[in-house]
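Down below is the structure, laid out as structure tokens.
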Amino acid sequence: MGKIPLVDLGAQYQAHKDEFDAAISECLSRTSFVGGPDHKALSQEFAEWCGGGAAALVGNGTDALELALVELLGQGNGTGQVIIPSHTFIATAEAILNAGYQPAFVDIDPDTFLMDLDLVEAAITPATKAILPVHIYGQMVAMDRLAEIARAHHLKLIEDAAQAHGARWKGDLPGTHSDAVCFSFYPGKNLGAWGDGGAVYSRDTDLIDRITMRANHGRTDKYLHEFIGRNSRLDGMQAAVLRVKLRHIDDWNAARRAVAKRYTDRLAGQNGIKCPTTAGDAEHVYHLYVVEVEDRDRVRSALNDAGIGAGVHYPVPLHEQPALLNLGYAADALPVTQKAGQHILSLPIYPEMTEDQVDRVCDALIDAVRA
């Protein structure tokens with residue numbers, strides 16, 4: 001019996017091998033490895049898929065966040081704050097610190113793992129400059145409500161949608177209610193490159209023009225630099241791959257929802273297993289399918305021993321990370337976040353996953369929890 005990986009990028013390649021190979025071959029024949037027609041076309045196609053506006057294609061998702069922060073807030077001096085959840089990857093906090101600001105952490109909702117909006121408003125101080133929600137695991141924060149909070153306090157609103165390509169809240173895509181939305185194209189994402197990549201999308205085309213310049217040495221002409229920028233450009237081969245994937249992302253997201261539904265149908269009501277919760281107004285794209293169990297590490301080991309690639313995202317909250325202890329948060333300052341880190345378990349999920357594979361994972365999980 002074969003292993004079931006957490007993510008199966010090989011299956012995705014084999015399913016669309018001819019398209020991928022043709023796209024790479026064309027890029028190689030043009031030798032357009034930085035910039036070029038695929039880069040230009042993807043920026044337009046991705047922006048259209050996001051709902052109009054414009055997109056800046058950059059080197060990775062972390063750079064996308066930092067570039068958006070610097071362009072919207074200016075380079076900080078370490079005193080301003082940006083409100084974020086602690087239950088996320090460290091890149092969210094890294095970008096804030098590298099932009100010259102301090103992360104201000106809020107706790108999460110115990111069911112969705114998204115930042116608790118009741119706590120966001122209470123966390124706003126005179127030092128607050130922006131709110132940066134993370135659409136964790138593929139489900140969006142209630143962006144209409146968060147936008148009202150941001151407007152009432154004259155704050156910038158920047159979305160981290162690294163795990164939420166194509167997600168919706170009340171029918172609206174990321175970027176509808178914010179100043180900018182940042183994406184990662186890390187290979188395992190719903191829309192993933194074959195290396196690092198990222199994008200900033202906004203309906204403000206002037207903002208995207210400035211971010212594009214900042215990511216390309218502060219220039220629009222090859223040897224004329226308007227300001228000091230940086231080198232953070234999505235390369236041409238990644239753009240070629242992403243153009244192929246963009247044609248399939250909606251179908252892949254639908255397939256992920258079907259896999260998630262089968263998981264939920266099989267696991268709902270099982271003692272000791274808490275299935276993920278989707279808010280009524282959300283359209284989840286299930287970058288990850290995350291359950292909660294007791295004795296998580298033992299259960300995970302049992303699944304791994306059975307050939308099932310279960311994982312954990314993210315066992316150590318940001319406010320407990322050694323690199324961020326200087327921010328002064330006690331481990332129990334965010335109790336829901338702390339508890340989640342001890343119980344969350346990510347099950348395999350990818351568009352090509354079969355019903356038999358889902359059933360096998362469910363059977364193994366149920367057995368492991370009962371053991």
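The values are calculated or read from the model by the stated rules, or taken from the named source; none is laboratory data. Quantities reported herein were computed from a predicted structural model and do not represent experimental measurements. Every residue, glycine among them, receives a Cβ derived from its backbone with ideal geometry; neighbour counts consider all protein chains shown. Heads up: the accessible areas ignore ligands, DNA and RNA and are worked out on the full protein's heavy atoms, side chains in. Shrake-Rupley method; radii C 1.70, N 1.55, O 1.52, S 1.80 Å.
Summarised as an ellipsoid, the stretch 1-120 has semi-axes of 34, 24, 13 Å, derived from the eigenvalues of the Cα gyration tensor scaled by 5 and square-rooted, with the largest first. The mean accessible area for residues of the chain, using a 1.4 Å probe and ignoring ligands and nucleic acids, is 42 Å² per residue. Hydrodynamic estimate: the Kirkwood radius of the stretch 73-223 over Cα pairs, inserted into Stokes-Einstein at 10 °C and 1.306 mPa s, corresponds to D of 99 µm²/s. On full extension, the segment bounded by Asp363 and Val312 gains 16.5 nm, given 0.36 nm per residue less the C-alpha separation. Using equal-weight Cα scatterers in the Debye expression, the normalised intensity of the stretch 57-148 in log10 at q = 0.10, 0.19 Å⁻¹ is -0.24, -0.88. Each peptide in 68-78, 25-35 receives the mean, over its residues, of other Cβ atoms within 10 Å, and ordering these scores from highest gives 68-78, 25-35. In terms of Cα atoms, the Rg and Dmax of the stretch 25-67 work out to 12.1, 34 Å.
From its DSSP helices (H runs of at least four residues, each -39,500 (n - 2.57)), the chain gives a residue-normalised ellipticity at 222 nm of -12000 deg cm²/dmol.
Where both bridge residues fall in the stretch 87-234, DSSP classifies roughly 60% of the beta bridges as antiparallel. In this structure, Ala258 and Tyr223 have a Cβ-Cβ separation that, at R0 = 45 Å, corresponds to a calculated FRET efficiency of about 0.30. Surface composition of the chain: carbon and sulfur atoms hold 49% of the protein heavy-atom accessible area at a 1.4 Å probe.
Annotation: the antiparallel percentage among DSSP beta bridges lying fully within the stretch 144-218 is about 60. For the pair Ala333 and Asp265, label points projected 7 Å from Cα toward Cβ lie 4.5 nm apart.
For the stretch 196-268, the pair-distance distribution built from all alpha carbon pairs, in bins 5 Å wide starting at 0, is 3, 13, 14, 14, 16, 11, 8, 7, 6, 4, 2, 1, 0 percent.
How big, in percent, is the set of alpha carbon pairs in the stretch 180-317 lying more than 27 Å apart? Summing the P(r) tail past 27 Å for the stretch 180-317 gives 43 percent. Sequence-distant contacts, meaning Cα pairs under 8 Å at least 6 residues apart, place the relative contact order of the chain at 22 percent. Hydrodynamic analysis of the chain uses the Kirkwood radius over alpha carbon pairs. Inserted into Stokes-Einstein at 25 °C and 0.890 mPa s, it gives a translational diffusion coefficient of 116 µm²/s. Annotation: Cα Rg of the stretch 264-309 relative to the compact-globule expectation 2.2 N^0.38 Å equals 1.33.
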